[in-house]
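First the structure, in the form of structure tokens, and then the observations on it.
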Amino acid sequence: MRIAKLVSASGVSAASVKWYVSEGLLPAGERTGYNQTEYTEDHLTRLHLIRSLIEVGGLSVAAAKDVLTAADDPGHPFGNTLGIAQASLPWQASPPSEESVQQVTDIARERGWSVSPGNPGVAAAAAVLDRYRALGREDLAATLPGYARAVEVVAEADLDCVTKNLDAGPVTAAQTVVVGTVLGDALLAGLRRMAQESESVSRFGPTPGSPS
């Protein structure tokens, strides 16, 4: 397909397509003549992936390039690909307190998790506990064990999906890790809000606009 059709099908501007190519996120099309380039369905699929990582996942272009490079490399260690995907997720936080880091690592140990000290989730979770304490909400910090139990189910679902894609080859499996990790956070947030409404209706009764 020509670039005009690629732009129409993907919703990405021609300037962005060329920029993604120059930045190494998107393979170049095939030159078929003077000022003419042909693109394939693979380019369209790749553009949808790039848009998902940047627009839904909130990744920077540089972070998106890192995770795509790892996912594209069949020789890249699987665990490293997961680590790169996790580290790419945006979050704003000051360095967490030692107290909160210890609380998070204690929960992980109690649950029998194998978590490296450098896992970005440790600092991210500990920073949230610091915010709870700053608000004087130790009751919110006390929800940590319940959340830990819940995310074990989520992690199992994540890795079940990866396992099912292993037969498709290392690149597909790695892409599943990247997409599942980055977009899974957004999916989980959406489903959580739906479940909160349902649980609220169950406990307190319907409110205007909620299911009866």
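The values are calculated or read from the model by the stated rules, or taken from the named source; none is laboratory data. Predicted model only: the values in this text are computed from it and were never measured. Methodologically, a virtual Cβ is constructed for each residue, glycine included, from the backbone with ideal geometry; neighbour enumeration extends over all protein chains shown. Quick note on the areas: whole protein, heavy atoms, side chains included, nothing else; ligands and nucleic acids left out. Shrake-Rupley method; radii C 1.70, N 1.55, O 1.52, S 1.80 Å.
Determine whether the range 158-175 contains at least one residue that is touching an Asp or Glu at 6+ places or on another chain (Cβ under 7 Å) and either surrounded by 13 or more Cβ atoms within 10 Å (Cβ to Cβ) or not acidic (D, E) (or both). Within the range 158-175, one or more residues are touching an Asp or Glu at 6+ places or on another chain (Cβ under 7 Å) and either surrounded by 13 or more Cβ atoms within 10 Å (Cβ to Cβ) or not acidic (D, E) (or both). Applying the set (1) part of a helix (DSSP H, G or I); (2) open to solvent by 40 Å² or more (accessible area, probe 1.4 Å); (3) modelled with pLDDT under 85 to V101 leaves exactly one unmet item: (3). Would you point out the residue of the range 180-212, among those that are open to solvent by less than 80 Å² (accessible area, probe 1.4 Å) and aliphatic (A, V, I, L, M), that is modelled with the lowest pLDDT? Result: V182. Annotation: of all residues in the range 129-157 being open to solvent by 70 Å² or more (accessible area, probe 1.4 Å) and in a helix (DSSP H, G or I), the one that is nearest to V177 (Cα to Cα) is E156.
For every residue, the table says whether it meets (1) more than 29 Å from E55 (Cβ to Cβ); (2) modelled with pLDDT of 90 or more.
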residue	(1), (2)
A108	yes, yes
S116	yes, no
A124	no, no
E138	yes, no
A148	yes, yes
A157	no, no
K164	no, no
V178	no, no
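The C-beta contact set for the range 107-133 (first residue acidic (D, E), second residue not in a loop (DSSP other than H, G, I, E, B), distance under 7 angstrom, 6+ apart or interchain) comprises D130/S100.
Q92 fulfils the conditions (1) more than 28 Å from A168 (Cα to Cα); (2) in a loop (DSSP other than H, G, I, E, B); (3) of a type in the set (S, T, N, Q); (4) modelled with pLDDT of 85 or more except for a single criterion, (4).
Inside the range 1-57, residues that are of a type in the set (G, A, S) and assigned to a loop (DSSP other than H, G, I, E, B) make up a count of 6.
Consider the range 29-47 and keep the residues that are exposed (fewer than 13 other Cβ atoms within 10 Å of the Cβ) and closer than 22 Å to V178 by Cα. The one that is nearest to the chain's Cα centre (by Cα) is T45.
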